[in-house]
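Every read-out reported here was derived from the displayed coordinates using simple, explicitly stated rules and does not represent laboratory data. Bear in mind that the values here come from a model prediction, so they are computed numbers and not experimental data. Neighbour counts are summed over all protein chains in view; Cβ atoms, including those assigned to glycine, are modelled from backbone coordinates with ideal geometry.
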Amino acid sequence: MEQILRPAFMSCYLKITLNYLIFNHANQKQGRQQTALANAVYAAAMHIDNLEEILDQVKLISHKHRSLGITPKQYPIVGENLIAAIKDVLCGADSDEIIDAWTEAYQIIANVFIQTEADLYRKSEKQSGGWKGFREFIVDRKVKESGVITSFYLKPKMEMRLPLLNPVNILV
Ligand code: HEM
């Protein structure tokens with residue numbers, strides 16, 4: 001099964017045409033976003049009976065999603081496009097069973113992401129200095145550290161307490 005699905009699934013990358021403002025357009029143009037999504041769904045599907053095994057990867061992706069404010073409502077839209085892309089690639093009359101299996105698998109995977117992200121949103125709001133949604137920051141200082149590295153020091157536009165940063169925090 002893996003040998004049949006993998007090539008079909010790989011060909012889906014270019015066919016997933018999501019055009020949200022939140023997507024990094026350079027990554028989309030180069031197909032990186034579609035590849036990352038397809039690879040992650042594929043890897044999750046291969047561990048569908050024991051998603052605990054890939055929880056660390058799910059958490060990393062969820063941190064990225066949380067930083068972008070991805071919501072549960074957006075999952076079905078991504079799912080529809082993904083399934084449409086798989087259908088397009090398979091385009092065989094006998095593919096109903098495969099499509100049903102991928103639809104079910106996507107739902108299970110999406111639920112794991114939605115739950116993990118809900119937990120992250122809750123934690124970030126409840127932590128000391130935390131908040132929900134987006135806050136505006138301004139660049140306070142820019143320091144050229146080397147020929148290829150520049151540090152940007154940000155401070156909140158409105159006076160407020162800030163939570164402690166940890167290495168998985170992502171700025172958008
Ligand atoms: C089960 C479903 C999903 C999976 C497996 C998935 C997987 C991924 C992966 C692997 C990345 C790259 C992470 C990184 O660069 O560190 C990513 C990034 C991203 N995802 Fe998802 N995703 C899913 C659903 C969604 C949904 C519903 C949205 C909302 C429209 C979304 C929007 C994004 C965006 C905007 C990025 C960053 C893209 C960029 O900066 O180039 N994802 N996702």
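Structure data summary
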| item | result |
| --- | --- |
| Built amide H within the under 5 Å cut-off of Phe137, gap 5+ | Lys157 |
| J(HN,Hα) series, region 50-57, from Karplus relation 6.51 cos²θ - 1.76 cosθ + 1.60, nearest Hz, glycine and proline x | 8, 5, 4, 4, 10, 4, 4, 5 |
| For Leu154, residues with placed amide H under 5 Å, excluding near neighbours | Asp140 |
| Cα-based reach from Lys132 at 28 Å (exclusive), listing lysines while leaving out same-chain residues under 8 positions away | Lys59, Lys64, Lys73, Lys123, Lys142, Lys155, Lys157 |
| Mean Cβ neighbour count within 10 Å, used as a protection proxy, ranking 135-145, 115-125, 59-69 highest first | 59-69, 115-125, 135-145 |
| Peptides ranked, highest mean first, by Cβ atoms within 10 Å: ranges 98-104, 79-85 | 79-85, 98-104 |
| Fully extended contour minus Cα-Cα distance, from Lys59 to Lys142, at 0.36 nm per residue | 26.8 nm |
| Environment charge of Gln74, counting only residues whose C-beta is closer than 14 Å and scoring Lys/Arg +1, Asp/Glu -1 | +1 |
